[in-house]
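As structure tokens, the structure follows; a few thoughts come after it.
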Amino acid sequence: MRSVNLKPGSETRQMWEKLPFPMIFKIYIFNVTNAREIEMGGKPKLQEVGPFVYEEWKDKYDLLDIEAEDAISFNMRNTFKSRSDLGLTGEELITLPHPLLQFMTIANLGQPAETQAAVALGLDLILKPESAFITAKFSDLFYNGIEVNCAQEHAAALAICQQFQMGAVPGAIPLNATHYSFSLMGAGNHTNAGRFKVSRSRAKKSSVGRVLSFNDAEQLQVWQETNNGSCNILRGTDGTIFAPYMRPQHGLWSYSAQLCRSLTPKLVGSTKYNQLPAKRYELSFGSASTEDDLNCYCTDYPIDCPADGTMDLVRCSGTPLIASLPHFYGADEYLLEQVEGLAPTAAKHASILIFEQLSGSVLSVHNRLQFSLKVAPVKDVPLMSQLRAVAMPLFWIEESLQLDEKITQLLHKKIFAVLNANNLFRWLAIGLGSLGCALGALFLHLTRSDVKRVGVSLPE
């Protein structure tokens, strides 16, 4: 097989720079149906609403080849285009925990009492909330934005508005000198998702695409160091390419900037995809409290560790969010008992990748991820003072792409047909070995062939 690398002008490089077709991106919302009861200490009742469907186009820009390191640096970008014809319109009203009121007050619970009180007062002046929850159109909450009025004079409000002015509030963009627009995902659409430097791998194909640094740092400064863990190490690729001949024991590692973490799905068995032999992988967040190499994902090991099958994002994003598989699939059972309306199943909620290891191609992928709010009562906010301490599911997303039969037939023709012919010649050579070295040499010559890598490598 010819060496796979990211040298300028190569077919692999062109595909890697800009995926020529979109992934399908779906969002499912956990609509809150009993907001008033929750404010009085009741158990959350949730109703899944979705999907809201988008095309997700991936590309890289500001590319710089670094010849001395056989590397390339670039900025990553994802662009979302609505496909309401494939799902809901986005005009549907949904009810969620207020992302500014609840996120900001809960995030400050570890601060001194006077700071907590000032944040609560400032948000009350700015938002004038009548509920700890917000009801709005999906399109406004997630992309178009809800308006935030920072034309305030009180010191507590000014302190919060200064965070908006400094760009320190994720999801907020300025409308004018005093007003801002806030959305959960809109600010990240068609914007820089971080600068990577990765290996081009002209000499060693097994390291193609391996992340060498992120935002100019060769390792993270996010997670606590433990004797067993190495959570700050950048492992694997940027998720848009994998090397050929990857064996299961190597793992399919990739770095997720959104999670501040390198992840690898686990091999669960062999399968076939459009007649191609392949490997099936599934993602699990594991157990930070019991798995030694994951201890460093605890907020404070061993005192404060996330529930099995989840990941606490407070160190990563500064927000009280928890990542998991949808509906807490594969996670600790007690999380399901805290709310009503969840029903995890493997078919709908597992995160699955089908991988062809000879070409390094992902044949099918369903990346699924849920975000939940780490709810806690806030005494300085009357609307939140009686809240239960629960992991409140907010929404989950799915990135998916499946190679069509035309592409997989090409893979079969260019790789497996050649390999099958090689196997036939090899057995013939063994069977006729008594004819002498001359015929053996002839068969060796006939069976020597480079296998061209075809297909694509898609994000994990």
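Look through region 198-215, keep the residues that are part of a loop (DSSP other than H, G, I, E, B) and at pLDDT below 95, and return whichever of them is surrounded by the most Cβ atoms within 10 Å (Cβ to Cβ).
GLY209
Of the residues that make up region 82-103, is at least one in contact with a helix residue (DSSP H, G or I) (Cβ under 6 Å, 6 or more places away or on another chain) and in a helix (DSSP H, G or I)?
Yes, region 82-103 contains at least one residue that is in contact with a helix residue (DSSP H, G or I) (Cβ under 6 Å, 6 or more places away or on another chain) and in a helix (DSSP H, G or I).
Take the residues of region 139-195 that are part of a loop (DSSP other than H, G, I, E, B), among the polar types (S, T, N, Q) and free of Cβ contacts under 8 Å to residues at least 60 places away in the same chain: which is most open to solvent (accessible area, probe 1.4 Å)?
ASN176
Can you report the number of residues in region 218-255 which are open to solvent by 50 Å² or more (accessible area, probe 1.4 Å) and either charged (D, E, K, R) or more than 28 Å from CYS305 (Cβ to Cβ) (or both)?
The number of residues fulfilling the criteria is 5.
Please specify each residue of region 6-41 satisfying the condition of being at pLDDT below 95, open to solvent by less than 30 Å² (accessible area, probe 1.4 Å) and touching a strand residue (DSSP E or B) at 6+ places or on another chain (Cβ under 9 Å).
If the condition is that a residue be at pLDDT below 95, open to solvent by less than 30 Å² (accessible area, probe 1.4 Å) and touching a strand residue (DSSP E or B) at 6+ places or on another chain (Cβ under 9 Å), then LEU6, ARG13, TRP16, LEU19, MET23 are the ones that fit.
Considering only residues that are touching a strand residue (DSSP E or B) at 6+ places or on another chain (Cβ under 6 Å) and surrounded by fewer than 21 Cβ atoms within 10 Å (Cβ to Cβ), which ones fall in region 285-308?
THR299
Examine region 361-380 for a residue that is modelled with pLDDT under 60, open to solvent by 10 Å² or more (accessible area, probe 1.4 Å), farther than 28 Å from LYS128 by Cβ and among the basic types (Lys, Arg), and state whether such a residue exists. Walk me through how you get there before you give the answer.
Let us first name the residues in region 361-380 that are modelled with pLDDT under 60, namely none.
Checked region 361-380: no residue is modelled with pLDDT under 60, open to solvent by 10 Å² or more (accessible area, probe 1.4 Å), farther than 28 Å from LYS128 by Cβ and among the basic types (Lys, Arg).
Name the single residue that is farthest from the chain's Cα centre (by Cα) among those in region 399-412 being open to solvent by less than 10 Å² (accessible area, probe 1.4 Å) and not polar (S, T, N, Q).
Looking at residues that are open to solvent by less than 10 Å² (accessible area, probe 1.4 Å) and not polar (S, T, N, Q), I get LEU411.
Only one of these conditions is not met by ILE134: (1) under 17 Å from ILE29 (Cβ atoms); (2) assigned to a helix (DSSP H, G or I). Which number is it?
(2)
Take the residues in region 17-64 that are of a type in the set (Lys, Arg) and not in a strand (DSSP E or B), then tell me which one is nearest to ASN367 (Cα to Cα).
Checking each candidate, the answer is LYS43.
With respect to the numbered conditions (1) on the phi > 0 side of the Ramachandran plot; (2) under 27 Å from the mean Cα position of the chain (by Cα); (3) surrounded by fewer than 19 Cβ atoms within 10 Å (Cβ to Cβ); (4) small (Gly, Ala, Ser), which one is the sole condition not fulfilled by SER84?
Evaluating SER84 over (1) on the phi > 0 side of the Ramachandran plot; (2) under 27 Å from the mean Cα position of the chain (by Cα); (3) surrounded by fewer than 19 Cβ atoms within 10 Å (Cβ to Cβ); (4) small (Gly, Ala, Ser) leaves (1) as the failure.
Which of the residues spanning region 86-131 are acidic (Asp, Glu) and more than 30 Å from ILE24 (Cβ to Cβ)?
Of everything in region 86-131, those that are acidic (Asp, Glu) and more than 30 Å from ILE24 (Cβ to Cβ) turn out to be GLU114, ASP124, GLU130.
Looking at (1) open to solvent by less than 50 Å² (accessible area, probe 1.4 Å); (2) assigned to a loop (DSSP other than H, G, I, E, B), which one does TYR281 not meet, given that it meets all the others?
Result: TYR281 fails condition (2) only.
For residues that are touching a residue at least 12 places away in the same chain (Cβ under 8 Å) and either within 23 Å of the chain's Cα centre (by Cα) or over 26 Å from GLU48 (Cβ atoms) (or both), scanning just region 99-115, find the one that is surrounded by the fewest Cβ atoms within 10 Å (Cβ to Cβ).
LEU109
Open to solvent by 10 Å² or more (accessible area, probe 1.4 Å), within 21 Å of LEU46 (Cβ to Cβ) and in contact with a strand residue (DSSP E or B) (Cβ under 7 Å, 6 or more places away or on another chain) - does that describe any residue in region 121-133?
Checked against the condition, which is being open to solvent by 10 Å² or more (accessible area, probe 1.4 Å), within 21 Å of LEU46 (Cβ to Cβ) and in contact with a strand residue (DSSP E or B) (Cβ under 7 Å, 6 or more places away or on another chain), region 121-133 yields at least one hit.
Any idea how many residues of region 42-61 are open to solvent by 40 Å² or more (accessible area, probe 1.4 Å) and touching a residue at least 60 places away in the same chain (Cβ under 8 Å)?
Count: 4.
Only one of (1) under 30 Å from SER73 (Cα atoms); (2) modelled with pLDDT of 95 or more; (3) open to solvent by 30 Å² or more (accessible area, probe 1.4 Å) fails for GLN258. Which number is that?
So the condition that GLN258 fails would be (2).
The values are calculated or read from the model by the stated rules, or taken from the named source; none is laboratory data. No experiment lies behind these values; they were computed from the predicted model shown. Don't worry about glycine lacking a Cβ; one is built from the backbone with ideal geometry, like all the others, and counts go over all protein chains shown. These area figures cover heavy atoms from the full protein model, side chains too; ligands, DNA and RNA do not enter into them. Shrake-Rupley method; radii C 1.70, N 1.55, O 1.52, S 1.80 Å.
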